[in-house]
Structures are given as structure tokens and as C-alpha cells.
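Notes follow the structure.
The values are calculated or read from the model by the stated rules, or taken from the named source; none is laboratory data. Because the structure is predicted, anything quoted here is derived from the model rather than measured. Positions of Cβ are generated from backbone atoms using ideal geometry, with glycine treated the same way; all protein chains shown enter the neighbour counts.
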Amino acid sequence: MNSALRMICLLAGVAMLPNTMAFADPPGDPKAVSNSNGEYQDANGSPTYNIAKDGTVDWYTNVGFVQYGANCLSCHGPDGLGSSYAPSLVDALKSLSYAQFTATVIAGKKDVNNSSDLVMPSFGENKNVMCYIDPIYIYLRARSTGALGRGRPDKMVSPPPEFDKSVNACFS
């Protein structure tokens, strides 16, 4: 599915979600079964990582690390482990599906009660996040399953031929 079509489907799905989610669907087996332009998908069609036995990560996992650092780290802490300000995304992605993750990023989340005041702003209009939502999810998924350790990946494959073109199209 191309990025524009995926974004339209995700935005349509967000409109149908309740403000709070009482349960989460596990993300399923992260094993890559197909790929399109270097972006791997699992059996459910969700974005996933592909890490070789020598530790070489796919391009999207590497980009996800970089974009997580630029857009998410200040609240969710290094390597997705959480902070005193925001929860661990490594833990969250053990139970959140791709659709639930993207819905939260797009629409934000608010959980305010007597014992907590948790608010995540909406990033649905932020192209620095939305143009890289799949790589960020892929990176965090690899971290949540233990397939990827802390810190920047040491080795990565080269960018796929159409990667820059699709990112540039997203920003225009």
C-alpha cells in the first residue's frame, strides 16, 4: 500500500476510535513476510523490521531510530524506554497494534484523573512525524521484541531507490 493511501486509511480509522481504549490487540508475529521498496511487512500487513544475523538492520529501522531521536526522545526517553514525563514505548508496543499506535500518534491521548495527568499531543499535522510514522513504528517494534538493542544500529542496508522520492512527496 502506498504511503498516501495508508495515511488516508489511518485517518479514517482514527475518526472511528473512542477517546480511550480499554484494551489493546497484540501486534502479532513481527517476522517479515514481504517487502515493498525496502519496507517490510508482517503476515498482517503491518510494517516490521528485518534484521540480519550479523546485526545489519533494514533502512526503515535505521531511519526510525533517527526520527525517534528527533521527534519522540525528548518525552519518551532514550531508546524508547520512557521517562518521568512519558511512558516506555518499548513496553507499550508489546501490546499495541500498528493501527492503535498510529491512531495515538495522529490523534493524541488524554488520560487525566485524580492520580495522573497524562497527555500526549496530536502529531497528525506534524509532517516531521507523519512522514516517518512507519519507520518510527518499525524501530520501536524491533526494540519492543528485543530484536534491536539500545543505541544506534551499527550496520544498515543502503536506502531503497524510491525512499527519498516518497519522503519528498510526503513533505510537499
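Which of (1) more than 22 Å from PHE163 (Cβ to Cβ); (2) without any contact (Cβ under 8 Å) to a residue 60 or more places away in the chain; (3) not in a helix (DSSP H, G or I) does SER95 not meet, given it meets every other one?
Failing condition for SER95: (2).
Return yes or no: is PRO160 surrounded by 13 or more Cβ atoms within 10 Å (Cβ to Cβ), within 12 Å of TRP59 (Cα to Cα), modelled with pLDDT of 95 or more and not hydroxyl-bearing (Ser, Thr, Tyr)?
On the way: surrounded by 13 or more Cβ atoms within 10 Å (Cβ to Cβ): yes; within 12 Å of TRP59 (Cα to Cα): yes; modelled with pLDDT of 95 or more: no; not hydroxyl-bearing (Ser, Thr, Tyr): yes.
No: the conditions fail for PRO160.
Would you confirm whether any residue within the stretch 60-79 is touching a Gly at 6+ places or on another chain (Cβ under 9 Å), part of a loop (DSSP other than H, G, I, E, B) and farther than 29 Å from ALA43 by Cβ?
Within the stretch 60-79, not a single residue is touching a Gly at 6+ places or on another chain (Cβ under 9 Å), part of a loop (DSSP other than H, G, I, E, B) and farther than 29 Å from ALA43 by Cβ.
Would it be correct to say that GLY146 is on the phi > 0 side of the Ramachandran plot, in a loop (DSSP other than H, G, I, E, B) and within 16 Å of the chain's Cα centre (by Cα)? First the steps, then the outcome.
On the way: on the phi > 0 side of the Ramachandran plot: yes; in a loop (DSSP other than H, G, I, E, B): yes; within 16 Å of the chain's Cα centre (by Cα): yes.
Criteria met by GLY146.
I'd like the full set of residues that are touching a helix residue (DSSP H, G or I) at 6+ places or on another chain (Cβ under 7 Å) and either closer than 21 Å to THR145 by Cβ or surrounded by 16 or more Cβ atoms within 10 Å (Cβ to Cβ) (or both), limited to the stretch 73-86. So that I can check it myself, show each step before the final result.
Our first condition is that a residue be touching a helix residue (DSSP H, G or I) at 6+ places or on another chain (Cβ under 7 Å); within the stretch 73-86, this holds for 76, 79-83, 85-86.
Within the stretch 73-86, HIS76, ASP79, GLY80, LEU81, GLY82, ALA86 meet the criteria.
Looking at LEU96, is it surrounded by 14 or more Cβ atoms within 10 Å (Cβ to Cβ) and within 24 Å of GLN41 (Cβ to Cβ)? Working first, answer last.
Numbers: surrounded by 14 or more Cβ atoms within 10 Å (Cβ to Cβ): yes; within 24 Å of GLN41 (Cβ to Cβ): yes.
Here the answer is yes, as LEU96 does meet what is asked.
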